[in-house]
Amino acid sequence: MLWSLTKIVVFVAAIAGLTLGAGYLMESDGGVMITIAGVEYTLTPLMSAIALSVLVVVLWVLLKLASLTVAVLKFLNGDETAISRYFDRNRERRGYKALTEGMMALASGEGRVAMDKARKAERLLRKPELTNLITAQAAEVSGDRRKAEEVYKRLLADDTTRFVGVRGLMKQKLDAGKTDVALKLAETAFALKPRHVETQDTLLKLQAGEKDWSGARQTLKAKLKHGGLPRDVHRRRDAVLALSEAKDLIGKDASIEMREAAIEANRLSPDLIPAAVMASKSYVTEGKPKYATRVLKKAWEAQPHPDLAAAFASIVPAESPTERIKRFGALVKTTADHAESKMLMAELNIAAEDFPAARRALGDLIEKDPTARNLTIMAAIERGEGAEDAAVKGWLANALTAPRGPQWVCDSCQNIHSEWAPVCDNCQSFDTLTWKTPPASEAVSPTGVEMLPLIVGELEKSEEGDAPVDVTPAEPVAEVAK
């Protein structure tokens, strides 16, 4: 509607301009004098303008006739396609002009105009591999998904445009949320062009979302083969997929395969915390505690983490608190200044009821980096040293409002997860979870506070009897405050 109105306005303005110009020329004095064979011809300004216009048209017609004459002479001289090439050249020129205008309209977001230009270009050029693509994209811009799907399906018929058609249909299904159909189309597109980076990434993301870990590992291998992924990144992501495959096997009565997959994941990426934890459990099940210890120590050196400490404790579950402190000393030896190592040793000393040692182990952590976990540990130390209830409750009150500490945070969308996962639940990104401190406004209850009862066990005797007070993960602060 707006385009039609614009054309009408332009036409009326052009007529008005011509009328004004003609009126001006008619009222003007002078003219043009032409002498031909001794005869003088005097033309008024208006007649001069008309004569000039007629001359331009005649020259244009003469040039066209000359080109046509040349084509006819070539045809008579034996060139059988000369005349057809003359008319085809003219049609091709107009076709490419329409195609160019369609591309410009598409870039400007004018979907309907682009579709009209594409139809004109198709009629003149008869090259559907060019015009169908513009038509499909123009239909998407204008919101005509049915038309776009129809054109993409037409592209499937030609070998040269099949990949474009499959890719277009895949994107449409992704936008519609039909991931199962999109996965099949992505597999087809990958088979057509295995080097296409965007298709590789889309297929990998869909396979991970559908938990097709084996297929995803093959896609990852292809990315490495075709140079779409650095080797170190490939090893890391392959480890993530192997770990995910192992976790899926836990509930399928495939303990041997699960253990092998977990060990393979740890071999590929020793610093992957969940893989180290699962591999250590596999080694313990096989009766190889030394291997489990070696795996956890290597992972701890890369990134101290509460899950690693819990797995390290489970290697020798029946040891005394004193024996545990000695054994854990070898684990934290190279990371003694890390916050996780300080809190871990403080917890172990609390379990051994050596509260001064626990305070020394914690050091100045509560001043430099106060978190809910280390403030809760400080409350347990105060209670163990016989401090008044007001002091203990003061530390617990501070713990309630303190930062939550490191958690599994998605690098893409900053969504926080209670436990590690290969795919972010929020943005569906693959291998983006990192153990780090989230923004204060986005923090949730951390794993850190729950580590206190996990490693410590009994904190104190209840005031009403000799039964131990069990600090459960569900209510750690409330129980310590008793």
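Please name whichever of 234, 191, 134 sits farthest to the positive end of the charge dipole of segment 111-260, dipole taken about the Cα centre and charges placed at Cβ: Lys and Arg +1, Asp and Glu -1.
Final value for the positive-end residue is 134.
Taking H as built 1.01 Å from N, whose amide H comes closer than 5 Å to the amide H of residue 407, not counting residues under 5 places away?
Excluding prolines and chain starts, which carry no amide H, the hits are 436, 437.
Sorting check: for 204-216, 149-161, which peptide has the highest mean count of neighbouring beta carbons within 10 Å, and how do the rest follow?
Highest mean packing first, the order is 204-216, 149-161.
What dipole magnitude, in Debye to the nearest 20, does segment 193-247 give about its Cα centre under +1 on Lys/Arg Cβ and -1 on Asp/Glu Cβ?
200 debye
Radius of gyration and Dmax for segment 347-410's Cα atoms, expressed in Å?
12.1, 42
Give me the compactness ratio for segment 260-348, meaning the Cα radius of gyration over 2.2 N^0.38 Å.
Here the Cα radius of gyration is 1.01 times the empirical estimate.
How big, on average over all directions, is the shadow cast by the Cα convex hull of segment 145-192, in nm²?
Directional mean of the projected Cα hull area for segment 145-192 stands at 2.9 nm².
Per q in 0.11, 0.15, 0.16, 0.20 1/Å, what log10 I(q)/I(0) does a Debye calculation on the alpha-carbon atoms of segment 243-395 return?
Log10 I(q)/I(0), no solvent term: -0.49, -0.80, -0.87, -1.13.
Could you derive backbone 3J(HN,Hα) for segment 116-122 from the dihedral phi with the Karplus parameters 6.51, -1.76 and 1.60 (θ = phi - 60°), listing whole Hz in sequence and x where the residue is Gly or Pro?
Once θ is set to phi - 60°, the couplings for segment 116-122 become 4, 5, 5, 5, 5, 5, 5 Hz.
Can you work out the base-10 log of I(q)/I(0) for segment 157-290 at q = 0.12, 0.15, 0.18, 0.22 1/Å, using the Debye formula on its C-alpha atoms alone?
Log10 I(q)/I(0), no solvent term: -0.54, -0.76, -0.95, -1.18.
For a protection proxy built on the mean count of beta-carbon atoms within 10 angstrom, sort 278-284, 50-56, 431-437, 217-223 highest first, please.
Ranked by mean Cβ neighbours within 10 Å, highest first: 278-284, 217-223, 431-437, 50-56.
Quick one: Debye curve from the C-alpha atoms of segment 152-233, no solvent, what's log10 I(q)/I(0) at q = 0.22, 0.26 Å⁻¹?
-0.99, -1.22
The numbers here are math on the coordinates, done by the rules we state, and not lab data. Given the structure is predicted, the values throughout are model-derived calculations rather than measurements. Cβ coordinates were reconstructed from backbone atoms using ideal geometry, including for glycine residues, and neighbour counts include every protein chain displayed.
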